[in-house]
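Below is one structure, written out as structure tokens; comments come after it.
The values are calculated or read from the model by the stated rules, or taken from the named source; none is laboratory data. Computed from a predicted model, the values in this text were never measured in an experiment. Cβ: placed from backbone, ideal geometry, glycine included. Neighbour counts: every protein chain shown. To get the accessible areas, we keep the full protein, side chains included, count just its heavy atoms, and leave off ligands, DNA and RNA. Shrake-Rupley method; radii C 1.70, N 1.55, O 1.52, S 1.80 Å.
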Amino acid sequence: MNNNIKKYKIAMMGPENSGKSSIINKIFGKSISEVSEVGGTTKKPVKKFWGKLKIGRLKQNPEFADITFADLGGLYSGEDKSVVMVGNVLEKTFEEIDSSDMIIHVIDAKEGLFKSFEKLHHLLKYRYQKPIIVIVNKCDLLTPSERNSLNEAIEERLNNKVYFTSAMSYEGINELINVIITILKR
Ligand SMILES: Nc1nc2c(ncn2[C@@H]2O[C@H](COP(=O)(O)OP(=O)(O)OP(=O)(O)O)[C@@H](O)[C@H]2O)c(=O)[nH]1
Ligand SMILES: [Mg+2]
């Protein structure tokens, strides 16, 4: 019997069409959230239990975490910061971000980092003290030199490490899962 079970929620945050749902599907190894080439596919949050993880270090009194992922719709689209969500869906999406324990900030490799998300990233990290993992997805579409300059520019703007992923080639997916688990076990 174990009573030391924490609830832990990880939210996928990013612009429309950046591949949030595709990455979630790769993390789960099956289709749990709809993917399409048109922006605005995910509307209200899609939440799914991922598994239970032993997080405590003590053998006598182990701690466990029930981990749930929340796939969210795209908050903003384009560099003009236009909010693409309105009303109840926008409210629910912000509620999920606010109540999450960790955030995966997804950046579209072909679009780069929007100023709107840069501001939100700093707010969540410094004011709300959320652990945030930054991924640049669709890295299969980048040349090595594009990758280098994106890496440098985004790490500087966000003051955070950047991981490159591709839901197409699976590059970086295992590394992402390992980073998530390392943070959970801290
Ligand atoms: N080349 C490439 N295409 C990708 C990758 N990940 C996703 N896509 C494509 O990008 C499009 C959008 O993917 P989604 O996973 O639906 O994106 P999303 O961020 O969930 O989009 P919304 O729910 O609309 O906010 C689809 O056509 C995917 O096949 C990737 O790593 N590489
Ligand atoms: Mg989606």
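List the residues whose amide H sits under 5 Å from the amide H of I55, counting only those 5 or more places along or on another chain, with H placed 1.01 Å from N in the peptide plane.
Amide H neighbours of I55: E63, F64, A65.
Taking the highest mean first, how do the peptides 22-32, 39-49 order by number of other beta carbon atoms within 10 angstrom per residue?
Put in order of decreasing packing, that is 22-32, 39-49.
Which of V86, V38, M12 sits closest to the plus end of the dipole of the chain, meaning its Cα is farthest towards the positive end, when Lys and Arg get +1 and Asp and Glu get -1 on the C-beta?
Value: M12.
Out of the DSSP beta bridges found with both residues in the range 55-164, what percent are antiparallel (nearest 5)?
20
Give the accessible surface of the chain per residue, rounded to a whole number of Å², with probe radius 1.4 Å and ligands, DNA and RNA excluded.
Value for the chain: 54 Å² per residue.
Nearest 5 percent is fine: what portion of the DSSP beta bridges confined to the chain is antiparallel?
Restricted to the chain, the bridges split so that about 30 percent are antiparallel.
Just check the range 114-186 against the gyration tensor rule for me: Cα atoms, a ≥ b ≥ c as the square roots of the eigenvalues, rounded for a/c under 1.5, and otherwise prolate or oblate depending on whether a/b exceeds b/c.
The shape class here is oblate.
Explain nothing, just the number: relative contact order of the range 5-185, from Cα pairs under 8 Å at least 6 residues apart, as a whole percent.
This gives 24 percent for the range 5-185.
At 1.4 Å probe size, with the rest of the protein present, what percent of the exposed accessible area of the chain is carbon and sulfur atoms?
Working: 5060 of 10020 Å².
Carbon and sulfur together cover 51 percent of it.
Which value, in debye to the nearest 20, gives the size of the charge dipole of the range 5-185 about its Cα centre, when Lys and Arg are +1 and Asp and Glu are -1 at the Cβ?
It works out to roughly 920 debye.
Please list, in chain and number order, the residues 5+ apart from G14 or on another chain whose amide H is under 5 Å from its amide H, with Hs placed from the backbone.
Hits under the 5 Å cutoff: L75, V106.
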